[in-house]
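Structure record follows, encoded as structure tokens.
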């Protein structure tokens, strides 16, 4: 039985991993939750607390939407070309220098 929805917000894969791991300790996970936990565990590239800080920094420093910042953290690009492909479909006014800064931030915080 689903629990009551308190709020909706985009979260990073490391946060999903943490939330589902905690829920798994409290009781059994549904099939979908187990698959989601497996995916989040495989593709998380940062610690949950670090991912939250990186998302906040991207939003504040580079005037991104939360959705863009979460996607960047989830994919964790290591090159400017990868970052550009994530941002390509969205309007962005980032300079090449800013793109380099973002990639450096992601690489520095990857685990």
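The values are calculated or read from the model by the stated rules, or taken from the named source; none is laboratory data. In this text, all values refer to a predicted model and were calculated from it rather than measured experimentally. We place every Cβ from the backbone using ideal geometry, glycine too, and count neighbours over all the protein chains shown.
Structure notes:
- Residue check, residue 38 more than 26 Å from residue 19 (Cβ to Cβ), more than 14 Å from the chain's Cα centre (by Cα) and loosely packed, with under 15 Cβ neighbours inside 10 Å: no
- Selection count where residues are crowded, with 17+ Cβ neighbours inside 10 Å, without any contact (Cβ under 8 Å) to a residue 40 or more places away in the chain and farther than 19 Å from residue 99 by Cα, scope region 45-81: 1
- Residue pairs meeting the criteria (Cβ under 9 Å; at least 6 apart or on separate chains; first within 21 Å of residue 49 (Cβ to Cβ), in region 1-26; second surrounded by fewer than 18 Cβ atoms within 10 Å (Cβ to Cβ) and at pLDDT below 90): 14/111
- Residue match in region 96-106 (condition: under 16 Å from residue 11 (Cβ atoms) and in contact with a helix residue (DSSP H, G or I) (Cβ under 8 Å, 6 or more places away or on another chain)): no
- Region 62-99, residues that are more than 15 Å from residue 110 (Cα to Cα), within 13 Å of the chain's Cα centre (by Cα) and not in a helix (DSSP H, G or I): 65
- Yes/no for residue 22 being part of a helix (DSSP H, G or I) and surrounded by 18 or more Cβ atoms within 10 Å (Cβ to Cβ): no
- A count restricted to region 102-111 and to residues that are closer than 15 Å to residue 64 by Cα and free of Cβ contacts under 8 Å to residues at least 40 places away in the same chain stands at 1.
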